[in-house]
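Please read the structure below before turning to the comments.
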Amino acid sequence: IFRETLSKRGVRVITGLGKYFRQMDKNRNGFVSRAALKEALKVFHLEMPEGDFESLWLILDDSKNDKVDYGEFTHAIFGEMNEYRKTFVRKAYMKLDFNKTGSVPMVDVRKCYCAK
């Protein structure tokens, strides 16, 4: 049900959640706490009954360390990329990795992309 609600709300809410999680993650470890997740859902008007939230938390906190990897959370919502998107991402990566090193330093990204 939660995934259906998010998919109806659109990509902006999902990407907004990702951005919000990154802003909340002050120590940059990729995790959010139970309270932080609950607050994020509230900010994005995705509140749910406490029992549903607890069920969601049990699913997301599979390692039982009382924190959730927000990358895995957004991946679970988005699901796998379809083949068209994967092909598009591969083409973009190949353009960025013009030295064929297998990694793309920020210097190379800046040469090819302007966020203005």
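Summary table below
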{"read-out": "Neighbours by Cβ (under 8 Å, 6+ apart or cross-chain): first from the stretch 19-38, closer than 18 Å to Asp61 by Cα and β-branched (Val, Ile, Thr); second open to solvent by 50 Å² or more (accessible area, probe 1.4 Å) and in a loop (DSSP other than H, G, I, E, B)", "value": "Val32/Lys67"}
{"read-out": "Residues within the stretch 14-46 that are among the hydrophobic types (A, V, I, L, M, F, W, C), under 22 Å from Gly79 (Cα atoms) and either open to solvent by 20 Å² or more (accessible area, probe 1.4 Å) or not in a loop (DSSP other than H, G, I, E, B) (or both), tallied", "value": "9"}
{"read-out": "Residue count, the stretch 91-112 (criterion: exposed (fewer than 10 other Cβ atoms within 10 Å of the Cβ) and within 26 Å of Leu17 (Cβ to Cβ))", "value": "1"}
{"read-out": "Residue within the stretch 63-71 that is over 23 Å from Asp25 (Cβ atoms), free of Cβ contacts under 8 Å to residues at least 40 places away in the same chain and open to solvent by 70 Å² or more (accessible area, probe 1.4 Å) present", "value": "no"}
{"read-out": "Pick from the stretch 77-86, criterion out of contact with any helix residue (DSSP H, G or I) (no Cβ under 8 Å at 6 or more places or on another chain) and open to solvent by 60 Å² or more (accessible area, probe 1.4 Å), ranking: nearest to Ile14 (Cα to Cα)", "value": "Glu80"}
{"read-out": "Test: residue in the stretch 47-59 that is within 23 Å of Phe21 (Cα to Cα), outside any helix (DSSP H, G or I) and in contact with a strand residue (DSSP E or B) (Cβ under 7 Å, 6 or more places away or on another chain)", "value": "no"}
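The rows are residues; the columns are (1) in a helix (DSSP H, G or I); (2) in the same structural domain as Lys38 (by the TED database); (3) at pLDDT 85 or above.
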residue	(1), (2), (3)
Phe73	yes, yes, no
Lys91	yes, no, yes
Phe98	no, no, no
Val107	yes, no, no
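The values are calculated or read from the model by the stated rules, or taken from the named source; none is laboratory data. Just so it is clear, the structure is predicted and the values come from calculations on it, not from any experiment. Please note: Cβ atoms are built from the backbone with ideal geometry, for glycine as well, and neighbour counts cover all protein chains shown. Accessible surface is based on the protein model in full, side chains and every heavy atom, while ligands, DNA and RNA are left aside. Shrake-Rupley method; radii C 1.70, N 1.55, O 1.52, S 1.80 Å.
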